[in-house]
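Colleague: Below: one structure in structure tokens.
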Amino acid sequence: MIPEFLNKANKEFIVIDGELFQVKVEFVPFCLVDDESRLEMQLLLSRDTIANASLNILNIIGEKRLEKFISCRFGGFDNKPDVDQEKNTTPEYLECPSRGSCPVEGKLCKHIKVMNGYLTPREITIIKLISRDLADKEIADRLGISVNTMAKHRVNIEHKINANSKVGIATFAVQKNIT
């Protein structure tokens, strides 16, 4: 989901070093993406043997290969650039309809890297439920696990994302667009 502030009908102004700017957001269809960005992504894909093997398993060829790679790796929205000025990349969580049944899950897409490791698909599910303000017992019942197991998951999540409470987990969920 795109944050409301990026809606084209809205106007956003910002002052940087005393100079006033208007922020404009442009959505460019993939077929019109500039050559430099396309080449950057192609180079990234060419160096990723696991992503290439995953695309082979999915039997994706031609131009659709690059499109699928970018979609799975960077198709979410987390308020951070996918590629920064130093060419560092930040994979994003994407609410994919194939999550849980994709034969290359966690390989083509990446699990979310956080301060202290990676979030598992189960942890992402728990984060979603916590962000909906559900109690541990309610979450445990929905997932068919014990309350103790749920508490252990919560503690692990808090450690991984460097949070101290469910509020910290919910805040993380909003920042990473995990809803």
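The values are calculated or read from the model by the stated rules, or taken from the named source; none is laboratory data. These figures come from a predicted structure and were not determined experimentally. As a convention, Cβ positions derive from the backbone with ideal geometry for all residues, glycine included, and neighbour counts pool all protein chains shown.
Colleague: In the list Leu108, Leu119, which residue meets the criterion of being touching a Cys at 6+ places or on another chain (Cβ under 6 Å) and hydrophobic (A, V, I, L, M, F, W, C)? Lay out the reasoning, then the answer.
Modeller: On the way: Leu119 fails: touching a Cys at 6+ places or on another chain (Cβ under 6 Å).
From the options Leu108, Leu119, the qualifying one is Leu108.
Colleague: List the number of the failed condition for Lys110; all other conditions in (1) exposed (fewer than 13 other Cβ atoms within 10 Å of the Cβ); (2) within 19 Å of Thr179 (Cα to Cα); (3) in contact (Cβ under 8 Å) with a residue 24 or more places away in the chain; (4) not acidic (Asp, Glu) hold.
Modeller: Status for Lys110: all satisfied but (1).
Colleague: Check whether at least one residue in segment 65-76 is touching a Phe, Trp or Tyr at 6+ places or on another chain (Cβ under 7 Å) and either in contact (Cβ under 8 Å) with a residue 24 or more places away in the chain or closer than 13 Å to Lys176 by Cβ (or both), and report yes or no. Before the answer, list the steps.
Modeller: At the first step, the residues of segment 65-76 found to be touching a Phe, Trp or Tyr at 6+ places or on another chain (Cβ under 7 Å) are 67, 76.
Retained after the next criterion (residues that are either in contact (Cβ under 8 Å) with a residue 24 or more places away in the chain or closer than 13 Å to Lys176 by Cβ (or both)): 67, 76.
Among the residues of segment 65-76, at least one is touching a Phe, Trp or Tyr at 6+ places or on another chain (Cβ under 7 Å) and either in contact (Cβ under 8 Å) with a residue 24 or more places away in the chain or closer than 13 Å to Lys176 by Cβ (or both), which makes the answer yes.
Colleague: Kindly indicate which of Leu58, Leu6, Leu66 is modelled with pLDDT of 95 or more, surrounded by 11 or more Cβ atoms within 10 Å (Cβ to Cβ), over 21 Å from His111 (Cβ atoms) and out of contact with any Cys (no Cβ under 8 Å at 6 or more places or on another chain).
Modeller: Details: Leu58 fails: over 21 Å from His111 (Cβ atoms); Leu6 fails: modelled with pLDDT of 95 or more.
Result of the check over Leu58, Leu6, Leu66: Leu66.
Colleague: Which of the residues that make up segment 9-55 are among the charged types (D, E, K, R), exposed (fewer than 10 other Cβ atoms within 10 Å of the Cβ) and either within 15 Å of Asp82 (Cβ to Cβ) or in the same structural domain as Glu105 (by TED's automatic domain parsing) (or both)?
Modeller: Asp34, Asp35, Glu36, Arg47
Colleague: Being touching a residue at least 24 places away in the same chain (Cβ under 8 Å), within 21 Å of Val28 (Cα to Cα), surrounded by 14 or more Cβ atoms within 10 Å (Cβ to Cβ) and aromatic (Phe, Trp, Tyr), is that true of even one residue in segment 84-93?
Modeller: Checked against the condition, which is being touching a residue at least 24 places away in the same chain (Cβ under 8 Å), within 21 Å of Val28 (Cα to Cα), surrounded by 14 or more Cβ atoms within 10 Å (Cβ to Cβ) and aromatic (Phe, Trp, Tyr), segment 84-93 yields at least one hit.
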